[in-house]
Structures are given as structure tokens and as C-alpha cells.
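FYI, it's all coordinate maths here, none of it is from the lab. Here the structure is a predicted model, which is why all the values come from computation and not from measurement. Methodologically, a virtual Cβ is constructed for each residue, glycine included, from the backbone with ideal geometry; neighbour enumeration extends over all protein chains shown.
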Amino acid sequence: MATPGTPTPPRFTTTLCLIAIVASTASVVAQHGRNVTVIRSTGGLPANVVGLFRQPVAFQQSVTGDYYVLDRREQSVYRVTPAGEVEQLVQIGPEQGRLLGATSLHVGPTGRFVVADAPGGRERVQIFEADGTPVGRFTLPGRATPRLTLGNMVLNGIGSLHFTDRSIVMNQPELGGLVTEFGLTGHPFRTFGFFRRTGHEDDRDVHLSLNSGIPLVDPTGGYYFVFQAGVPMFRKYDPSGALVLERHIEGPELDPIIAALPTTWPRRTDERGREFPVITPTVRTATVDRLGHLWVGLTVPVIYVYDLNGEKTRTVRLQAAGMIKPDSLSFSNTNSLLVTPGCYEFTVW
């Protein structure tokens with residue numbers, strides 16, 4: 001057992017890894033006679049490293065094998081090497097190269113990463129080298145509008161960004177579409193994806209909130225967009241932004257949630273005196289694996305998996321210390337699923 005303060009490698013030895021994978025395979029079972037697969041954690045960051053974080057909300061691996069963690073409560077980004085060495089790369093602060101009101105992190109294909117924050121209520125995106133050196137930033141016009149909230153977390157806007165190294169993909173419905181692609185200097189050079197009908201077109205705030213969601217780059221080509229509020233559904237677009245398919249997200253776990261969907265929402269007044277509707281999501285998070293399969297994490301501890309044709313192929317529950325409601329999902333270099341909270345790793349195939 002490691003002594004306190006001594007970094008522990010986040011991966012097991014070869015023998016223990018094989019044992020863990022076998023144990024994971026044995027734990028994949030049908031739950032209560034239904035087609036639900038329970039998968040147990042096979043790894044992740046060790047407990048003494050996770051204990052350094054107060055609220056990890058993003059956990060991703062770069063092409064070099066290093067892990068990156070965004071600690072929302074500490075307003076910091078940490079890098080954990082495969083050898084278990086921990087380094088704080090970005091710290092709290094409103095100035096360039098620091099974070100205030102951080103909501104999301106995404107590691108690009110070459111190891112650079114971006115972090116979204118909102119100092120003074122202004123949405124900002126910062127670009128960093130793999131070692132935490134700031135190399136660019138831009139601020140979006142206007143002030144952040146918290147269209148989707150889950151507890152004290154804002155999920156919309158810059159909280160949904162995806163970094164491709166050449167551009168940053170976000171959901172900014174204020175710009176007239178579901179998906180907006182920004183250059184690295186903050187210039188929006190294309191928007192695509194028509195809004196879905198909501199029945200609330202006469203209330204702009206509600207209509208835009210129900211068209212908020214998660215844009216994802218499909219590594220096999222094109223994009224997904226997952227609506228996070230209202231009736232859950234997703235769309236797939238080709239690389240040019242043309243619609244390929246649209247599917248409703250359905251399952252027995254969602255039936256009571258959909259049955260209880262409201263038609264009116266309470267309103268909150270922000271510090272500027274502006275009222276906006278308080279809308280909670282039906283989808284917490286989503287990601288795409290290397291094969292182009294879409295993984296959708298719900299507000300109940302269930303993940304639905306969809307193939308390239310938009311058909312649901314699996315219903316998954318993740319178990320570590322208990323059943324997990326993921327705050328974030330991403331895939332490692334070996335196509336293992338990385339999950340917060342807990343910074344766990346799951347062998348899902």
C-alpha cells in the first residue's frame with residue numbers, strides 16, 4: 001500500500017490488469033431479466049490521486065497517455081502521467097492563463113487542450129499546450145445565459161465545447177443553429193442544424209433552452225448533436241453539416257421522466273435583473289467512441305449506446321463504489337471509457 005503523499009501509478013501491473021479485465025467480463029450481467037449490462041470499473045486514477053480533487057468534472061486522456069482532470073471547485077487543471085505523477089497545470093484566477101467559473105475541458109487530438117470558464121459572467125475559451133502554457137483565448141459577446149442547470153452546474157453554451165485542434169465546436173443557439181464552429185481566435189465561421197419544434201416558439205428563452213445540447217465530433221466523420229432538455233433525442237450530421245438521421249432517445253428508464261416533463265418552468269432573476277426559465281436536463285452527458293458509436297448518459301444512472309445507423313444496441317449501468325451517474329464521459333487511447341465523478345476507467349467491449 002502506498003504511503004500518504006506518494007503517487008501511485010494509475011495502472012495495474014500486467015498480471016493485475018488481466019485479472020481486472022477477467023473480473024470485469026464476469027460482472028457483465030443482465031439485470032432483473034432485462035437487457036441491461038452492468039459493467040464494473042477495471043481501473044482509473046488511484047484513490048490517493050483522486051483524493052486531491054474536490055470536484056472533478058472532466059477526465060480525459062491525451063495522445064501521449066497523460067490524463068487531464070478539470071477540478072471545478074478548485075478551478076484548476078491537473079495532469080497525471082502514466083507513472084502516477086500529478087502536476088497542477090492551470091490555477092484559479094480571472095486573468096489569462098488562469099480559470100474562474102470553469103465549466104468544461106476538452107483535450108484535442110494532438111495533446112493541446114481547451115478550457116471554458118466565465119470570469120465576470122463573460123464566457124471565455126482558453127487554449128493551452130499540453131504542459132499548460134496558454135497559447136490563445138477568446139471571449140464570446142454578451143454575458144453567459146444559464147439555459148440548462150443541474151444543481152450548481154451550467155451545462156449549456158461553452159459547457160458543451162469540443163476541440164478539434166483546428167476549431168472549437170459549441171452549441172450557441174443564439175447564433176441561429178444547433179452547432180457553431182469557431183476558429184481559434186473566436187470567429188464563428190459556420191453554423192448548422194435547424195432548430196426542432198418545441199411548441200414554445202413564442203418564448204425565445206424556452207425555445208432556445210429546449211434546443212440546447214451537446215455537439216460531438218464523430219471520429220469516423222461528421223457530427224452528432226444530443227438535445228439535453230425536453231424530449232430526449234439526437235441527430236447525426238455529415239461533415240458538410242447536412243442532416244443524416246434523427247432519433248428519439250427512448251427506454252423504460254426514461255418513461256417516468258418523459259411523463260413528468262413540465263410545460264411551464266419557474267423563472268429566476270440573475271444579477272442583471274434579467275429573468276430566464278430554470279430548465280433541468282434529461283441528458284447529463286454524451287460522447288462518441290472510436291467506432292462512431294454514440295454513448296448517452298441520462299439523469300438516471302443509465303447509458304444508452306447507439307450504432308452508426310442510430311439504432312440502440314446496448315443499455316449500460318456503470319458500477320464502482322456504487323452505481324454511477326456520469327458527469328462526463330470520454331474514451332481513452334485504448335477505447336476504455338473514462339468517467340467522472342471518481343475518475344474511473346471501464347473496459348466496455
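Numerical summary
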item	result
Whole-Hz ³J(HN,Hα) from phi, Karplus 6.51 cos²θ - 1.76 cosθ + 1.60, for segment 231-248, glycine and proline x	5, x, 7, 9, 10, 10, 10, 7, x, 7, x, 7, 5, 9, 7, 9, 9, 7
For segment 51-62, Karplus couplings with θ = phi - 60° (6.51, -1.76, 1.60), whole Hz, Gly/Pro x	x, 6, 9, 8, 8, x, 10, 8, 8, 9, 10, 8
Sparse-neighbour loop sites [GluC sites (Glu not before Pro); segment 57-87; at most 13 other C-beta within 10 Å; DSSP]	Glu85
Label-point separation, Arg247 to Thr334 (7 Å along Cα→Cβ), nm	2.8 nm
Fraction of beta bridges assigned by DSSP in segment 56-280 that are antiparallel (%, nearest 5)	95 percent
Anisotropy class of segment 200-341 from Cα gyration tensor, a/c 1.5 cut	prolate
Anisotropy class of segment 56-280 from Cα gyration tensor, a/c 1.5 cut	prolate
Contour excess over end-to-end distance, with Cα ends at Asp255 and Ala321 and 0.36 nm allotted per residue	21.1 nm
Qualifying trypsin sites (Lys or Arg not before Pro) in segment 228-300, DSSP loop, other Cβ atoms within 10 Å at most 15	Arg272, Arg274, Arg290
Where GluC sites (Glu not before Pro) fall in DSSP loop in segment 167-232, at most 12 other Cβ within 10 Å	Glu201
Stretchable slack from Thr110 to Thr263, in nm (0.36 nm times residue separation minus alpha-carbon distance)	50.7 nm
Only Lys, Arg (+1) and Asp, Glu (-1) charged, at Cβ; segment 56-280 dipole about Cα centre in debye	440 debye
